[in-house]
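The values are calculated or read from the model by the stated rules, or taken from the named source; none is laboratory data. Keep in mind it's a predicted model, so treat the numbers as computed, not measured. Surface accessibility is based on the protein's heavy atoms, side chains included, excluding ligands, DNA and RNA. Shrake-Rupley method; radii C 1.70, N 1.55, O 1.52, S 1.80 Å.
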Amino acid sequence: MAGSQNGKLIPDSNARITELVRSDAPANLPKGMEMPIGLTSFKVSLAEGRSTESFSLYVDPATGATGYWVKDSTGTWVNLASEPYGGKVASEGGRTRLDFDIQDGGEYDADGQVNGSITTPGAAAKMPLSIVGQAPQVESHGYWF
């Protein structure tokens with residue numbers, strides 16, 4: 001759903017998905033990443049006067065999706081439906097809802113042009129949480145650090 005906020009259409013939004021294509025997941029995914037429904041590429045015509053669009057993507061919880069993953073400019077998969085990117089994952093009506101924003105012409109708009117449309121190849125995927133700066137586990141009075 002384009003032009004949404006927390007799964008609800010933004011009043012007077014005329015953003016429209018004009019193209020939606022599903023393809024198989026790439027063979028060279030990062031270790032631990034799974035794309036049970038493959039890549040979902042879409043093109044959206046933006047609502048008038050908007051340069052960033054909000055999206056809500058609903059998926060079956062059985063997929064185990066932890067976010068909407070796209071590649072950044074360095075080729076690293078990032079989760080747009082995560083707090084650091086202004087998104088979130090929620091449960092609604094027995095489905096998993098992935099909320100995220102993409103800016104026209106921004107890093108996650110595949111055409112890279114400010115032209116009133118956003119094109120993005122991404123995926124509802126699951127990736128285990130990673131720990132930054134891992135250190136050896138040391139037991140201390142029953143607590144693990």
Could you please put Asp111, Asp72, Asp60, Asp99 in sequence from largest to smallest accessible area, using a 1.4 Å probe?
-> Asp60, Asp111, Asp72, Asp99
Quote the accessible area belonging to Val114 in square angstrom, nearest 10, computed with a 1.4 Å probe and with ligands, DNA and RNA left uncounted.
-> 120
Given the protein chains as shown and a 1.4 Å probe, how many square angstrom of Lys71 are accessible, to the nearest 10?
-> 100
